[in-house]
Amino acid sequence: MTSVTVNSLARSIYSVSSETLNEVDDDVVVEGNGVVLESDSDSTVIGKNYTVDDLYSEEPPSEYCVGGYHRGYIGEVLGPDDRYVLLRKLGWGGYCTVWLANDRRGDRYVAIKIHKSRTEYSYAARKELKLLRKIQGVAKGSSHAGSSHVVELLDAFSHLGPHGLHICLVFEPLNESLLSLQGQFHQGGKCYLKEIGTTCVKDGLPLELAKEVTRQVLLALDFLHKECGIVHSDIKPENVMLEFPELPSKWEVVRFLHEYSLQEQKRSGSDSTKSTVSNPLPSPFFQAFTDDVKGFSKPDFSQVCGKDWKSFFKVKLVDFGNACPLSDKTQGYNVQTFEYRAPEIFLQYPGWGYAADIWSVACLFSEMCTARYLFRADNSWLQVSSQLELFSTTLGPASGSFLDKCFLFKDYRHCVKNCQFRSISENLRKELGVERVLAQKIEQFMVPMLRWDPAERADAMTCANHPFLSNGKLIYVGKLRGTIAKPLSMKPPLVKSLKNILRTGSLSF
């Protein structure tokens, strides 16, 4: 299974059930220090520790209440003029659910984030909308290579439901999250992407894939930092989406899968349209894909072999719910998911900014290669003291000049005492068995991104241009020889019922 990431009952309710959000007030603010999301509160279907149990977790039913989630259902119509028809619930986060929908006006598929209706989530959604529109405005006139690596906002509107007013953001549908790929590699089944490159450790992503993902994420951040003046502040696997333009898109099988569920529903007599269970689309890279979608063979990697890795896939950053302009950091220090959080956030360095994103990218790259967090204590508690101690063990002690600028410098001196230093390359070799030369190259790439003092950290473009991230051509692997000659086929009765749904936005048998 995969998840799609590609991300407010205001006391005064709007007088209409659906309002197009054409403008966002300039004075929109987030109350207090911002919306505080716990470390994994906004992660999607596959959990951060890659446990199988987390694959099937759902949002708490108690959150379907006034101020909470909207209880969407298959066939529900949303938006001005009933523009969007909900087809499938893709996943959920701590502050929204995500639905696949048909845009009847544009005759296309879209992904809709339906936010909770409590006041703080409504404000946060409007703030995200404002930033997304700013980014898109800059991107239109930009030639920066990273401008195309940010998710595209298509529309925004509000929906008044039984639980209050929900801000809905409409995005381009994206194919595969980095988190879902990591989850597939950790499961017992077969992921075809394992065969396209070399891995550092068992269950790690191919090194070539990890390097190219990292390079494109850095390009996106350089665009956000230098041309938009925005800090993303939540770089992690579920916020990195991948598109594979030369391989079959799972959006091509949406109709087939949706029709199959309707057929089963009709046969069993059950009414699953009211269900709020997540039903992510299957990944074309997972072995079960060909079992789920009859008549559709496994992806044919032979057609991309010999081409540049740059053309194999395209990364897009998503979820700007915690992003902020560098000049207006209203969240304070309530940013970044715990495992990717930079030391300046833990220690409350007032000058934190773009460099915090760079730290997160280093953590992301390491996780892709090693299938484990770069910084995470063995105990189950997420403790600041444990993180600071791990930083010191891996990077050496923080400088006094940096600590003197931090509000919580005493916490560091209390937590970090007599740590035994062991470098990144040494950890890779002794703990994971990575070959010495490769371990040293990885360390040389990562260390400039992991300086204690953010002022000394390399910027995004410098990291993106690092020689280590250069890749050769995709290698040809005989096992991946295949065919995609068979087109998707649907049985005539099912095609008719699907057309009825897309035309009327309701279910009728």
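I'd like to know if the stretch 68-90 contains one or more residues that are within 21 Å of ARG126 (Cα to Cα), touching a helix residue (DSSP H, G or I) at 6+ places or on another chain (Cβ under 7 Å) and among the hydroxyl-bearing types (Ser, Thr, Tyr).
Checked the stretch 68-90: at least one residue is within 21 Å of ARG126 (Cα to Cα), touching a helix residue (DSSP H, G or I) at 6+ places or on another chain (Cβ under 7 Å) and among the hydroxyl-bearing types (Ser, Thr, Tyr).
Please verify whether the stretch 356-364 includes one or more residues that are modelled with pLDDT under 95 and touching a Lys or Arg at 6+ places or on another chain (Cβ under 9 Å). Let's see the steps before the verdict.
Kept after step one, since they are modelled with pLDDT under 95, are these residues of the stretch 356-364: none.
The answer is no, given that none of the residues of the stretch 356-364 is modelled with pLDDT under 95 and touching a Lys or Arg at 6+ places or on another chain (Cβ under 9 Å).
Which one is farthest from LEU364 (Cα to Cα) among residues in the stretch 203-214 that are over 16 Å from the mean Cα position of the chain (by Cα) and in a helix (DSSP H, G or I)?
Step by step, filter the stretch 203-214, then rank; the result is GLU208.
Would you kindly identify the helices (runs of 4 or more DSSP H) lying entirely within the stretch 345-417 that contain at least 1 residues that are closer than 26 Å to GLY204 by Cα and more than 27 Å from the chain's Cα centre (by Cα)?
384-395
Please go through the stretch 124-158 and give me each residue that is farther than 11 Å from ALA220 by Cβ, polar (S, T, N, Q) and under 19 Å from the mean Cα position of the chain (by Cα), ordered by number. Walk me through how you get there before you give the answer.
Pass one, the stretch 124-158, residues farther than 11 Å from ALA220 by Cβ: 124-134, 136-138, 140-143, 152-158.
Restricting the remaining residues to those that are polar (S, T, N, Q) gives 136, 142-143, 158.
Hit for the stretch 124-158 is GLN136, nothing else.
Any residue at all in the stretch 187-199 that is touching a helix residue (DSSP H, G or I) at 6+ places or on another chain (Cβ under 9 Å), at pLDDT 95 or above and either surrounded by fewer than 22 Cβ atoms within 10 Å (Cβ to Cβ) or within 30 Å of ARG105 (Cα to Cα) (or both)?
Scanning the stretch 187-199 turns up no residue that is touching a helix residue (DSSP H, G or I) at 6+ places or on another chain (Cβ under 9 Å), at pLDDT 95 or above and either surrounded by fewer than 22 Cβ atoms within 10 Å (Cβ to Cβ) or within 30 Å of ARG105 (Cα to Cα) (or both).
Only one of (1) acidic (Asp, Glu); (2) at pLDDT below 90; (3) under 30 Å from ALA101 (Cα atoms) is not met by ASP319, so which one is it?
(2)
Out of the stretch 89-130, which residues are small (Gly, Ala, Ser), buried (at least 21 other Cβ atoms within 10 Å of the Cβ) and not in a strand (DSSP E or B)?
Of all residues in the stretch 89-130, those small (Gly, Ala, Ser) come to 91, 93-94, 101, 106, 111, 117, 122, 124-125.
Checking which are buried (at least 21 other Cβ atoms within 10 Å of the Cβ) leaves us with 91, 93, 101, 111, 117, 122, 124-125.
Matches in the stretch 89-130: GLY93, SER117, SER122, ALA124, ALA125.
Where the second residue is among the acidic types (Asp, Glu) and not in a strand (DSSP E or B) and the first is farther than 18 Å from VAL110 by Cα and lies in the stretch 133-153, which pairs have Cβ atoms under 7 Å and are six or more apart or on separate chains?
Matching pairs, first to second residue: VAL138/GLU227; SER142/GLU227; HIS144/GLU227; GLY146/ASP222.
GLU443 versus (1) in contact with a Leu (Cβ under 7 Å, 6 or more places away or on another chain); (2) part of a helix (DSSP H, G or I); (3) at pLDDT 95 or above: which is the lone unmet condition?
Against the list (1) in contact with a Leu (Cβ under 7 Å, 6 or more places away or on another chain); (2) part of a helix (DSSP H, G or I); (3) at pLDDT 95 or above, GLU443 comes up short only on (1).
The values are calculated or read from the model by the stated rules, or taken from the named source; none is laboratory data. What you see is a predicted model, and the numbers here were worked out from it, not measured in a lab. Cβ sites come from the backbone with ideal geometry, for glycine too, and all protein chains shown count toward neighbours.
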